[in-house]
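The values are calculated or read from the model by the stated rules, or taken from the named source; none is laboratory data. Because the structure is predicted, anything quoted here is derived from the model rather than measured. Note that each Cβ is placed from the backbone with ideal geometry, even for glycine, and that neighbours are counted across all protein chains shown. Remember, those area values only see protein heavy atoms, side chains included, never the ligands or the DNA or RNA. Shrake-Rupley method; radii C 1.70, N 1.55, O 1.52, S 1.80 Å.
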Amino acid sequence: MSAGGEGTRRAVHLAMGGLAFLLPSLTPLQASCAAATAVGLNLFVLPRFAPRLFRRGEIETPWRSGIVLYPVAVLMLILLFHRRMEIAGAAWGIMAAGDSAAGWIGRRWGRRPIPWNRSKTMAGSAAFIVAAFAFAWAVLAWMGRDPLEAAILSMAASLFAAWIESLPWRLDDNLTVPLLTALFLAGLVQVDMRVFLEAVPALRHSFLWGVAWNAMLAVVFRRSGAVDRSGMVAGFAVGVLTFTLAGWRGFVVLVSFFVLGSATTRFGLRRKERLGIAQEKKGARSARHALANCGVAVFLAFLTTSAAAPGIYALAFVCAYATAAFDTVSSEIGRAYGGRPVLITTFRAVAPGTNGAISWIGTLAGVAASIAVCAVAVGVGFLDARFSAIVLVAAFVGSTADSVLGATLEARGLMDNEAVNFSNTLIGALSGIGLAALM
């Protein structure tokens, strides 16, 4: 695509975001029909009558183009958040304004790449944050939010969206940015500042204990080879935040997952090394592993302290770690002793270590791991025992989703292992919330 065509595409991208201001005047059905119509037009009409809007190679497969995925994302936002249209509108505005500004500024003035993704620039990400904040604030204020509250929500959501946009996974930003940002924003709107402020004195006390315990454990895990240097730093941060926000009980749940995962990574290590499927650095976890497996849970820990109804987020917190334990243990045990696994999407035999491969031994080990994490949560009083069944079902759903993503998107190079791990903990947590709502 020429520079002029790219500019036109971004202008259209931004202009369509202005339609988010119409959401309050439409019913969910009307908004959904309009988005579905846009999907059809962009898929079947634009390739013929406005080909210059498509990048090279997109005309042949328009369904994979951002031009088509954009209205698909809007449709999904409306369907998922039809009862909270301000969330759908803000996420839509962040996608429209942030992505357009990042493209314009990054291409013209971007010189310094982001350390973890050299295809993105610091200038582009800064422009993303500023434009996304302005658009999201306008949408939220237009839809009735207090201006100060709208500013706080918009800034937090814009920073989160810019981080998601900067990650080096290959899924289209038109899907990942608005959908994950909407979920993040949906959690933020549950925050009750009075509840959070009342908890501040206790949080200060927990923070000091968290620093002490995590400093000690960081040294122990580093010397044992369970983490590398970046993993020690990231693990320390995750541990302190968890101890501070979820208390010592939530921290014990985190530690139970980490110990299970590290132990099973070392279990049968020589056999896995002979097969060429062992984790790099003899299983030492890096910062990428820590953030992928614990990022969702840290946000949920914040909600257990600040939401008016924290119980549901404590359940989701346990579901996230039970899912992570299920996935890690089933993968490590299955690789070493699962025999000839099968691919989850076809049930055909594949080599051990294949993305999306499952085995009976690995699955049973994963179930046992999720039971162990749940038992720890119940044993320390972080979770009521009557929610145990929900945790186990959610962990199974999240781990199954991990295998499906591994066999499809990861196998095609569209997601890396860390993106898949982040996704499965998110799916496990959301499954727990959904199952609790049904009950």
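(1) open to solvent by 20 Å² or more (accessible area, probe 1.4 Å); (2) at pLDDT 90 or above; (3) under 23 Å from residue 366 (Cβ atoms): which one isn't true of residue 266, the others all being true?
Residue 266 satisfies every listed condition except (2).
Looking at 211, 195 in this structure, which one is surrounded by fewer than 16 Cβ atoms within 10 Å (Cβ to Cβ) and without any contact (Cβ under 8 Å) to a residue 60 or more places away in the chain?
Testing whether each residue is surrounded by fewer than 16 Cβ atoms within 10 Å (Cβ to Cβ) and without any contact (Cβ under 8 Å) to a residue 60 or more places away in the chain leaves just 211.
Find the residue count for segment 37-46, including only residues that are open to solvent by 50 Å² or more (accessible area, probe 1.4 Å) and either over 12 Å from residue 63 (Cβ atoms) or among the small types (Gly, Ala, Ser) (or both).
Number of matching residues: 3.
Just to confirm my filter: which helices (runs of 4 or more DSSP H) fall fully inside segment 47-157 and include at least 1 residues that are basic (Lys, Arg), open to solvent by 30 Å² or more (accessible area, probe 1.4 Å) and farther than 30 Å from residue 24 by Cα?
99-109
Listed here are the residues, each with its yes/no results for (1) modelled with pLDDT of 85 or more; (2) open to solvent by 20 Å² or more (accessible area, probe 1.4 Å); (3) out of contact with any strand residue (DSSP E or B) (no Cβ under 8 Å at 6 or more places or on another chain); (4) of a type in the set (Asp, Glu).
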| site | (1), (2), (3), (4) |
| --- | --- |
| 273 | no, yes, yes, yes |
| 279 | no, yes, yes, no |
| 295 | yes, yes, yes, no |
| 301 | yes, no, yes, no |
| 311 | yes, yes, yes, no |
| 316 | yes, no, yes, no |
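Being out of contact with any His (no Cβ under 6 Å at 6 or more places or on another chain) and within 25 Å of residue 184 (Cβ to Cβ) is the filter here, so list the residues in segment 97-109 that pass it.
Residues satisfying the conditions are 97, 98, 99, 101, 102, 103, 104, 105, 106.
Could you tell me whether segment 383-400 includes any residue that is aromatic (Phe, Trp, Tyr) and more than 30 Å from residue 189 (Cβ to Cβ)?
Within segment 383-400, not a single residue is aromatic (Phe, Trp, Tyr) and more than 30 Å from residue 189 (Cβ to Cβ).
Residues of segment 23-33 being touching a helix residue (DSSP H, G or I) at 6+ places or on another chain (Cβ under 8 Å) and hydrophobic (A, V, I, L, M, F, W, C), which ones?
23, 26, 31
Please verify whether residue 219 is open to solvent by less than 50 Å² (accessible area, probe 1.4 Å) and either closer than 30 Å to residue 246 by Cα or over 22 Å from the mean Cα position of the chain (by Cα) (or both), treating the condition exactly as stated.
no
With the requirement that a residue be in a helix (DSSP H, G or I) and open to solvent by 50 Å² or more (accessible area, probe 1.4 Å), what does segment 158-174 give you?
Within segment 158-174, 159, 163 qualify.
In segment 3-23, is there at least one residue being outside any helix (DSSP H, G or I) and either modelled with pLDDT of 90 or more or farther than 19 Å from residue 173 by Cα (or both)?
So far as segment 3-23 goes, no, none of its residues is outside any helix (DSSP H, G or I) and either modelled with pLDDT of 90 or more or farther than 19 Å from residue 173 by Cα (or both).
Are any residues in segment 417-439 of a type in the set (S, T, N, Q) and under 9 Å from the mean Cα position of the chain (by Cα), and if so, which ones?
421, 423, 424, 425
For segment 331-342, name all the residues that are open to solvent by 20 Å² or more (accessible area, probe 1.4 Å) and part of a helix (DSSP H, G or I).
The answer is 331, 333, 335, 337.
Only one of 246, 234 is open to solvent by less than 50 Å² (accessible area, probe 1.4 Å), in contact with a Phe, Trp or Tyr (Cβ under 9 Å, 6 or more places away or on another chain) and part of a helix (DSSP H, G or I). Can you tell me which?
Being open to solvent by less than 50 Å² (accessible area, probe 1.4 Å), in contact with a Phe, Trp or Tyr (Cβ under 9 Å, 6 or more places away or on another chain) and part of a helix (DSSP H, G or I) holds for just one of 246, 234, which is 246.
Cβ-Cβ under 7 Å, sequence separation 6+ or interchain: first residue in segment 105-122 and closer than 11 Å to residue 163 by Cα and of a type in the set (Asp, Glu), partner at pLDDT 85 or above and in a strand (DSSP E or B). Which pairs?
Correct list of pairs: empty, since none qualify.
Confirm whether residue 85 is in contact (Cβ under 8 Å) with a residue 60 or more places away in the chain, closer than 21 Å to residue 129 by Cα and not small (Gly, Ala, Ser).
no
Filter segment 28-46 down to residues that are touching a residue at least 40 places away in the same chain (Cβ under 8 Å) and either in contact with a strand residue (DSSP E or B) (Cβ under 8 Å, 6 or more places away or on another chain) or not in a helix (DSSP H, G or I) (or both), then give me how many there are.
Here the count works out to 0.
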